[in-house]
Amino acid sequence: MSYRKRISDFVKTPNRALLTTFVLTIFFISCSSSRKEETYTVGLAQASNDEWRMNMHEAMRRELVFYPEIELIIENAEDDVARQIAQIEQFIEQKVDLIIVSPIKAEPITPYVEKAYLENIPVIIIDRKTSSDLYSTYIGANNLEIGQLAGQYASTLINPGDKVIELRGLKGSTPAQERSAGFDQYIDQEQFDRIDLETDWTRADAERNLARILNDNRDVDLIFAHNDRMALGAYEICKKEGLSDQVKIIGVDGLPGANGGLELVERGILAATLLYPTGGQEAIKLAAEILRGQSVEKEHILHTTLVNGDNVRMIRLQMDKILSQQLNIERQQRKIIEQIRDYDNQRIFIYLLLGGFVIITILAALIIYNAREKQKIVQELAEKNQKVIDQQNEIIRYSKEAEEANAARFKFFTNISHEFRTPLTLISGPIEDMLRDKDAGRFIKDLKLIKGNSQRLLRLVDQLMDFRRIDNAKMKIRVAECDLNAFLRNIINSFKRLANDKGIDLQLHVQSSDLRVWMDQSMMDKVFFNLLSNAFKFTPYGGKIILTVQADVENNQVSIKVEDTGNGMTLEQVSHVFDRFYQGSKNYSLGTGLGLALTKEFVEMHHGKIAVLSKVNVGTQFEVTLPLGNTHFSEDEIMQEVSGLTELSHSIMEEEKVDITPLEGGAIHSREHSVLIIEDHEELKGYLTTRLQSEFEVISASNVQEGITKAFEHVPDLIICDLSLDGEDGFEVISTLKSDVKSSHIPIIILTAKTSMEDHLKGIRLGAEDYMTKPFDFTMLLERIHTILVNREKLRQHYIHELPLAQTNGNSGKGERKFISELAAVVEEHISDPQFGVNQLGDLLNMSRVQLYRKVKAILGIGVNDYIIGVRLKKAKHLILEQDMTVSEVAYETGFSTPAYFSTAFKNHFGSSPSDFKSKNRKS
Ligand code: FRU
């Protein structure tokens with residue numbers, strides 16, 4: 001699996017898991033809420049709004065507390081049949097779940113009940129009936145039985161022949177019909193005087209009807225009203241007529257409460273009432289059963305009973321008790337419902353809690369899983385990283401090895417080259433001697449051949465070295481501003497003899513008199529030496545070689561053309577002319593080995609270009625183009641304060657010849673030098689002073705401190721120091737003076753009575769030049785002083801006189817010489833440090849840069865850098881002559897950053913390269 005894929009899974013997984021958890025939680029919660037039953041709508045088509053029906057509603061409401069899923073809508077027709085029909089139809093249209101109908105009349109309502117029933121809406125008929133059996137169930141008391149019980153009781157109150165008035169309910173309503181029929185069974189027409197009055201179930205209608213007939217029937221004995229309302233109305237009418245004591249009244253319904261049937265019986269207004277339960281409670285129970293899909297009986301007949309003076313009290317108490325129990329139950333039920341609601345809420349809360357817990361658990365698991373995965377990935381990455389690091393280290397090791405191998409090869413190559421150079425030098429040296437020999441005669445041709453070839457081999461070795469340096473990036477270009485015309489003229493001059501010998505017309509054409517070009521003279525020397533050598537090689541006798549210098553101001557460059565009238569080259573040869581050791585036949589470049597390839601490298605190091613045009617048998621033209629100015633060189637490629645070296649070298653060379661000679665004799669001018677005697681033995685000090693002061697300026701001191709102070713103060717040319725100075729240690733003087741730059745150059749002769757080898761060694765190690773034991777021979781001491789001073793002077797002059805001292809030499813005073821001597825000593829001390837320059841020199845001499853420059857310029861007439869380079873070169877020359885060191889070693893020993901820079905400076909200074917100089921001078 002790729003990292004990217006794993007990381008994307010890592011990102012996706014928690015989201016997926018969270019989503020799943022969320023869905024599960026919602027599912028749990030919805031499960032818990034779906035436990036709540038479906039809600040149902042039940043429509044009640046109520047016939048009227050009297051007290052009895054209000055009691056029915058109240059019973060229903062109480063029962064509905066147990067069925068919160070049922071919503072009851074009550075529509076009251078207020079005894080209006082048409083209105084009741086409309087209400088039933090509306091229920092059907094609303095698609096209520098169940099309809100309860102208490103039909104005002106049977107016939108007109110029946111079709112609508114049937115309709116609802118046939119449309120699969122369960123219908124409960126309550127109290128009054130319809131005229132068909134297309135309904136779900138009927139609930140109500142047995143009205144026939146009610147009529148019978150009323151008749152039965154009436155018969156106990158009256159005698160046959162008595163007058164009975166029956167106040168019937170609404171015609172067409174079934175309770176009215178059935179109650180009447182039952183009553184008739186006991187109070188029939190034959191035995192009793194019967195008057196039947198039709199009403200609409202209301203008290204007002206009953207009173208109206210009764211009042212209408214009462215006057216004619218004042219002998220009435222009993223009235224049976226189909227409900228208690230009408231019975232009360234009948235009582236009021238009778239009372240009005242003064243008949244209330246005579247007439248026994250029986251009612252129906254037996255409602256509790258004020259003006260209810262039970263109270264009327266209790267008060268003696270009614271003889272009796274028949275309990276006619278509303279069935280509200282039962283209707284709701286049945287509705288719930290039907291709605292739950294349970295099957296129910298077609299008829300539910302409620303019990304009835306007769307209430308008269310005998311049982312009214314007991315029944316009322318019972319009813320009150322039942323009522324209060326019902327209210328109690330209702331209260332408890334409400335509480336239970338509240339608890340259920342609380343429970344439901346708590347359950348939801350628990351589910352949420354559970355869901356949260358599940359989410360947290362899953363998340364925790366995911367986090368652990370992801371952390372592990374991450375750790376794995378990190379570990380894998382770390383391993384990969386380690387591998388990469390190992391590989392990198394391997395590569396570094398390989399490249400280091402390669403670098404070392406390369407360095408070793410380079411060293412080997414350099415060594416081999418030197419190995420070649422030495423025997424070649426040893427060949428050309430004797431050959432030159434032989435050539436100079438008068439007797440060389442018949443060998444001259446061969447000797448010249450040997451000399452030419454050995455020089456050619458030498459050059460080849462040098463070129464190979466140059467290539468190696470270029471390839472190893474060890475060859476650094478060091479440019480200085482230079483007079484191009486003079487530079488080329490110098491080169492041309494060295495070819496003049498050859499031109500003469502070969503009968504070649506060698507010309508130099510320059511365009512402007514002063515053309516300053518920034519270049520590395522040693523490189524350019526090789527460039528033009530090569531081009532001219534080639535031209536001479538391939539130009540036959542009588543030919544022409546022209547060197548043309550042309551400044552191209554517009555392009556800020558200069559072009560130097562070397563043209564010959566030689567053999568020329570083919571196109572093929574031209575295309576390979578700058579290749580190293582191209583193997584093609586008659587290769588132009590082969591003539592000089594690596595020359596042209598190296599030439600090209602050097603020109604390119606100058607950001608220049610070299611081009612060649614050639615035609616067979618016509619000639620060849622090389623054109624070197626160099627940019628003017630020095631902005632194309634980096635700061636460290638530009639040499640500071642050495643621009644005058646070319647001219648400088650000539651003047652120094654002239655001086656060298658003049659000045660060294662007189663010193664060779666070793667003459668020390670009288671009292672030119674000063675000697676400091678540090679000696680506590682007064683007599684000896686006096687003796688020495690007397691003997692020495694004819695030749696030297698003598699300064700003396702008697703103890704360590706005085707000696708050191710005077711040495712610093714006078715900077716004498718020599719010090720003679722005793723080792724025992726008034727109980728003090730004379731070695732202290734030596735170590736102090738030798739370790740201080742201001743005095744370290746002063747030669748010290750220890751003159752002591754201490755003869756032990758340890759002291760002798762200690763003195764020499766501290767830097768003392770000589771060690772003499774007492775008693776001593778004065779002549780010997782003087783000789784040693786002379787020797788040291790001559791050698792010192794020789795050495796100093798050796799260095800100084802190769803510097804441009806000409807302007808100041810004769811006039812320089814003692815103080816100046818001291819300074820020069822100090823200057824020389826400091827420079828000498830740091831001669832191998834390439835970083836050593838004006839700043840450090842000034843610091844060491846306790847002088848500012850400006851002070852130093854002015855003083856050096858005033859005394860020597862040159863800049864400080866030129867002076868330092870001069871000292872370096874002089875030392876180099878000395879080392880080349882005296883030591884068996886390679887040019888590179890000498891270069892580094894004398895503080896040149898590169899051997900190439902050294903060679904350039906050396907050649908500019910002494911007129912020949914260090915190697916040439918060495919080979920020429922060493923042999924002699
Ligand atoms: C109420 C009522 C009751 C009676 C019943 C018969 O409207 O008149 O008094 O018992 O109807 O349906």
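The values are calculated or read from the model by the stated rules, or taken from the named source; none is laboratory data. As the structure is a computational prediction, the values presented were derived from the model and not from experiment. We place every Cβ from the backbone using ideal geometry, glycine too, and count neighbours over all the protein chains shown. The area values use the complete protein model at the heavy-atom level, side chains included, leaving out ligands, DNA and RNA. Shrake-Rupley method; radii C 1.70, N 1.55, O 1.52, S 1.80 Å.
The number of residues in the range 305-336 being open to solvent by less than 100 Å² (accessible area, probe 1.4 Å) and not in a helix (DSSP H, G or I) comes to 6. Just the residues that are away from the ligand (no atom under 16 Å from the Cβ) and closer than 19 Å to residue 146 by Cβ, please, taken from the range 232-261. Answer for the range 232-261, where residues must be away from the ligand (no atom under 16 Å from the Cβ) and closer than 19 Å to residue 146 by Cβ: just 248. Quick check, is residue 264 within 16 Å of the ligand (Cβ to nearest atom), in contact with a helix residue (DSSP H, G or I) (Cβ under 8 Å, 6 or more places away or on another chain) and not assigned by TED's automatic domain parsing to the domain that holds residue 208? Criteria not met by residue 264. Checking the stated criteria, residue 302 turns out to be closer than 23 Å to residue 74 by Cα, open to solvent by less than 60 Å² (accessible area, probe 1.4 Å), outside the structural domain of residue 248 (by TED's automatic domain parsing) and touching a Phe, Trp or Tyr at 6+ places or on another chain (Cβ under 9 Å). Residue pairs, Cβ under 6 Å, 6 or more apart or interchain, first in the range 72-101 and more than 22 Å from residue 286 (Cα to Cα) and β-branched (Val, Ile, Thr), second away from the ligand (no atom under 16 Å from the Cβ) and open to solvent by 10 Å² or more (accessible area, probe 1.4 Å). List them. Here the result reads 85/112, each pair linking the range 72-101 to a residue that is away from the ligand (no atom under 16 Å from the Cβ) and open to solvent by 10 Å² or more (accessible area, probe 1.4 Å). The listed residues are 294, 339, and the only one of them that is part of a helix (DSSP H, G or I) and either in contact (Cβ under 8 Å) with a residue 12 or more places away in the chain or not basic (Lys, Arg) (or both) turns out to be 339. Note on the range 874-890: residues that are within 56 Å of the chain's Cα centre (by Cα) and surrounded by 16 or more Cβ atoms within 10 Å (Cβ to Cβ) amount to 4. No other residue among 225, 206 is within 16 Å of the ligand (Cβ to nearest atom) and either without any contact (Cβ under 8 Å) to a residue 24 or more places away in the chain or more than 20 Å from residue 127 (Cα to Cα) (or both) apart from 206.
Of the listed requirements (1) of a type outside the set (S, T, N, Q); (2) part of a helix (DSSP H, G or I); (3) in contact (Cβ under 8 Å) with a residue 60 or more places away in the chain; (4) within 13 Å of the ligand (Cβ to nearest atom), residue 167 misses just one: (2). Among the residues of the range 35-84, those identified as of a type outside the set (D, E, K, R), part of a helix (DSSP H, G or I) and either closer than 13 Å to residue 100 by Cα or in contact with an Asp or Glu (Cβ under 6 Å, 6 or more places away or on another chain) (or both) are 52, 56, 57, 60, 84. Filtered by the rule that a residue be out of contact with any helix residue (DSSP H, G or I) (no Cβ under 6 Å at 6 or more places or on another chain), open to solvent by less than 50 Å² (accessible area, probe 1.4 Å) and small (Gly, Ala, Ser), the range 740-778 gives 756, 763. Inspect all residues belonging to the range 92-101 and state whether any of them is more than 60 Å from the chain's Cα centre (by Cα), more than 16 Å from the ligand (Cβ to nearest atom) and closer than 30 Å to residue 183 by Cβ. No, that holds for no residue.
Among residues of the range 112-124 being closer than 16 Å to residue 138 by Cα and assigned to a helix (DSSP H, G or I), the one that is nearest to the ligand (Cβ to nearest atom) is 113.
For the range 37-63, a residue qualifies if it is open to solvent by 40 Å² or more (accessible area, probe 1.4 Å) and either within 15 Å of the ligand (Cβ to nearest atom) or of a type in the set (S, T, N, Q) (or both), and the qualifying residues are 39, 49, 51, 54, 55, 58.
If you go through the range 270-281 and keep only what is in contact with a Leu (Cβ under 7 Å, 6 or more places away or on another chain) and either away from the ligand (no atom under 16 Å from the Cβ) or of a type in the set (Phe, Trp, Tyr) (or both), you end up with just 271. Does residue 108 satisfy the condition of being open to solvent by 20 Å² or more (accessible area, probe 1.4 Å), assigned to a helix (DSSP H, G or I) and either within 16 Å of the ligand (Cβ to nearest atom) or modelled with pLDDT under 95 (or both)? So residue 108 fits the description; yes.
Under the condition of being away from the ligand (no atom under 12 Å from the Cβ), touching a strand residue (DSSP E or B) at 6+ places or on another chain (Cβ under 7 Å) and either open to solvent by less than 10 Å² (accessible area, probe 1.4 Å) or without any contact (Cβ under 8 Å) to a residue 40 or more places away in the chain (or both), the residues counted in the range 137-149 number 3. Remark: pairs (first residue in the range 234-259, touching a residue at least 40 places away in the same chain (Cβ under 8 Å) and more than 20 Å from residue 219 (Cα to Cα); second residue in a loop (DSSP other than H, G, I, E, B) and within 14 Å of the ligand (Cβ to nearest atom); Cβ separation under 6 Å; 6+ apart in sequence or on different chains) = 252/226; 252/227; 252/276; 253/227; 253/276.
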